[in-house]
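Asker: Here it is: the structure, laid out below.
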Amino acid sequence: MIIRSATPDDVPAIRALEQETDTAAHWAEREYDALFATEAPLRVALVGTSEADRNHLIGFVIARCAAAEWEIENVVVAPEKRRRAVGIKIIRELLVRAQSAGVTSVLLEVRESNTAARRLYEKLGFSQQGRRSKYYRNPEEDALLLTFNIKNLRQFHLEAE
Ligand SMILES: CC(C)(COP(=O)(O)OP(=O)(O)OC[C@H]1O[C@@H](n2cnc3c(N)ncnc32)[C@H](O)[C@@H]1OP(=O)(O)O)[C@@H](O)C(=O)NCCC(=O)NCCS
């Protein structure tokens, strides 16, 4: 798999994958179009593609970037490519880029019932910092607030080797 920064040409495939995924965050078309607009809030969007066809989307992650803190807004892996460490590799690359940008922590919200995502974040070293009661709708559910301290990135790499 190749992991690279997303381009405007990736938006249709990102949207298609997001729309077929119930547990993904759902964005309107204009929000995706705004990803690359110059006046838009700063975001990092990474895509994983097959090596043979760099336009064939396997997964993506989108994070909103503030100076000290990045927030993962969406991460999806194509159903037929799950449980092959695609999610872990894409988010790890995001953490490496956050470290290079001088960020101190990366945070996110996840549905309490989303076991796959929670285990993935746990494996990466995220820890629970709080809970937002009834944060999600359809169905109503609490969000767990998870954070990753960038200081732990080096240790994670050493353990993963
Ligand atoms: C969550 C998601 C991105 C994980 O992607 P993935 O590429 O399958 O994850 P990985 O293969 O990198 O898994 C890494 C670890 O996470 C855990 N994990 C991943 N999927 C899991 C599942 N279905 N059940 C239990 N644990 C799971 C495991 O610990 C796994 O390590 P292992 O395979 O060695 O046991 C993927 O399931 C997905 O796209 N879900 C739908 C979208 C979504 O819910 N996004 C999160 C929004 S907050």
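The values are calculated or read from the model by the stated rules, or taken from the named source; none is laboratory data. Everything numeric here is computed off the predicted structure, so don't read it as measured data. With ideal geometry, Cβ positions are generated from the backbone for all residues, glycine too; neighbour counts draw on all protein chains shown. Only protein heavy atoms, including side chains, enter the accessible area calculation; ligands, DNA and RNA are left aside. Shrake-Rupley method; radii C 1.70, N 1.55, O 1.52, S 1.80 Å.
Asker: In the set Thr21, Thr7, which member is free of Cβ contacts under 8 Å to residues at least 40 places away in the same chain and of a type in the set (S, T, N, Q)? Full working, then the answer.
Answerer: Details: Thr21 fails: free of Cβ contacts under 8 Å to residues at least 40 places away in the same chain.
Matching residue, one of Thr21, Thr7: Thr7.
Asker: Can you say whether Leu94 is closer than 16 Å to Ile72 by Cα, within 13 Å of the ligand (Cβ to nearest atom), open to solvent by less than 30 Å² (accessible area, probe 1.4 Å) and within 13 Å of the chain's Cα centre (by Cα), as far as the supplied structure shows?
Answerer: yes
Asker: Only one of these conditions is not met by Glu73: (1) open to solvent by less than 20 Å² (accessible area, probe 1.4 Å); (2) under 19 Å from Leu146 (Cα atoms); (3) within 14 Å of the ligand (Cβ to nearest atom). Which number is it?
Answerer: (1)
Asker: Across region 103-116, what is the total count of residues that are without any contact (Cβ under 8 Å) to a residue 12 or more places away in the chain and not in a helix (DSSP H, G or I)?
Answerer: Taking region 103-116 as the starting set, the residues that turn out to be without any contact (Cβ under 8 Å) to a residue 12 or more places away in the chain are 115.
Next cut, not in a helix (DSSP H, G or I) only: none.
So the count comes out to 0.
One line per residue, one yes/no per condition, for (1) near the ligand (Cβ under 10 Å from one of its atoms); (2) in contact with a strand residue (DSSP E or B) (Cβ under 7 Å, 6 or more places away or on another chain):
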| site | (1), (2) |
| --- | --- |
| Gln19 | no, no |
| His26 | no, no |
| Tyr32 | no, no |
| Arg43 | no, yes |
| Thr49 | no, yes |
| Arg54 | no, yes |
| Leu57 | no, yes |
| Glu109 | yes, yes |
| Arg119 | yes, no |
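Asker: Return the total of residues in region 38-94 being small (Gly, Ala, Ser) and in a strand (DSSP E or B).
Answerer: So the first thing to find is which residues in region 38-94 are small (Gly, Ala, Ser), and the list is 40, 45, 48, 50, 52, 59, 63, 66-68, 78, 85, 87.
If we keep only those that are in a strand (DSSP E or B) too, we end up with 45, 48, 59, 63.
Of the residues in that region, 4 qualify.
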